1. Given 10 °C and 1.306 mPa s, compute D for the stretch 152-193 with the Stokes-Einstein relation, Rh being the Kirkwood radius over Cα pairs; round to the nearest whole µm²/s.
2. Report, as a whole number in µm² per second, the diffusion coefficient that Stokes-Einstein gives for the stretch 90-157 at 4 °C and 1.567 mPa s using the Kirkwood radius over alpha carbon pairs.
3. Using just the helices of the chain, give the 222 nm mean residue ellipticity in deg cm²/dmol: DSSP H runs with n ≥ 4 each add -39,500 (n - 2.57), and the total is spread over all residues, rounded to 500.
4. In whole angstrom, how long is each semi-axis of the equivalent ellipsoid of the chain, when you take the square root of 5 times every eigenvalue of its Cα gyration tensor and sort them from largest down?
5. Which cross-chain or sequence-distant (5 or more) residues have an amide H under 5 Å from the amide H of Thr86, H modelled 1.01 Å from N in plane?
6. Would you mind working out the magnitude of the charge dipole of the chain relative to its Cα centre, with +1 at each Lys and Arg C-beta and -1 at each Asp and Glu C-beta, to the nearest 20 Debye?
7. In the chain, carbon and sulfur make up what percent of the accessible area (probe 1.4 Å)?
8. What residues have an amide H closer than 5 Å to that of Ser66, excluding those fewer than 5 places away on the same chain, when H is modeled at 1.01 Å from N in the peptide plane?
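The values are calculated or read from the model by the stated rules, or taken from the named source; none is laboratory data. On a predicted model such as this, the values are computed, not experimentally measured, just so you know. Using ideal geometry, Cβ is built from the backbone for each residue, glycine included, and neighbour counts are taken over all protein chains shown. Side chains included, ligands, DNA and RNA excluded: accessible areas come from the protein's heavy atoms. Shrake-Rupley method; radii C 1.70, N 1.55, O 1.52, S 1.80 Å.
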Amino acid sequence: MTIYIIFAQIFIEKQKTIKNMIDVKQTLKDSEEKMEMAALYLEEELNRIRAGRANVAILDCVRVESYGSKVPLNQVASVSVPDARTIAIKPWDKKQIREIEKAIMDSEVGITPENNGEIIRLGIPQPTEERRKELAKQCNKIGEKVKVRNVRADIKDKLKKAIKDGLSEDNEKDAENELQKIHDKYIKRVDDLLAAKNKEIMTV
């Protein structure tokens with residue numbers, strides 16, 4: 001009877017170990033998804049920064065009053081870039097041109113719209129040298145908020161703790177190496193995004 005109890009206890013302990021054991025593959029997949037989200041966040045934020053070239057992304061924050069509710073600008077008008085310094089907005093319904101104009105004025109876009117009764121145009125002003133430097137600093141600050149390194153640190157801690165729950169040191173080391181590769185890939189992506197934006201700002 002005692003032998004059965006001992007075997008039962010060993011079995012229970014093994015089951016606990018299996019239950020607590022980290023799923024390395026899923027953990028690495030989760031880490032990559034978090035880093036991907038961080039990179040996408042950076043890309044979206046950088047797109048909103050007006051660098052002197054026409055970019056429709058600066059209008060993403062604009063919400064237009066339409067039939068009693070606020071909707072994104074691209075739901076009530078077509079938005080295009082006819083040249084490097086102009087954004088053209090053509091309402092689906094001409095009657096909404098005033099509402100669209102007001103929405104742009106009330107937003108953080110910071111450009112006074114002009115319209116000819118059919119199309120609203122936004123002329124993108126060329127930034128001064130000082131303004132370009134400010135924009136570059138702004139981009140770098142946004143880049144600092146991107147938590148790719150934090151994700152790596154959190155997952156590394158998780159892997160280290162998993163050794164206590166039965167993960168072998170060899171598996172932990174392999175997982176850590178794979179994590180480093182994922183981290184390096186996204187750090188490069190972040191650096192490339194920042195470099196491209198800074199180049200855009202400084203060569204306007």
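1. Result for D is 145 µm²/s.
2. This corresponds to a translational diffusion coefficient of 83 µm²/s.
3. About -20000 deg cm²/dmol.
4. Equivalent-ellipsoid dimensions as semi-axes: 53, 22, 11 Å.
5. Residues meeting the amide H criterion: Ala54, Ile124.
6. Using Cβ point charges on Lys, Arg, Asp and Glu, the chain gives about 200 debye.
7. Ligands and nucleic acids excluded, carbon and sulfur give 51 percent.
8. Here Val71 satisfy the definition.
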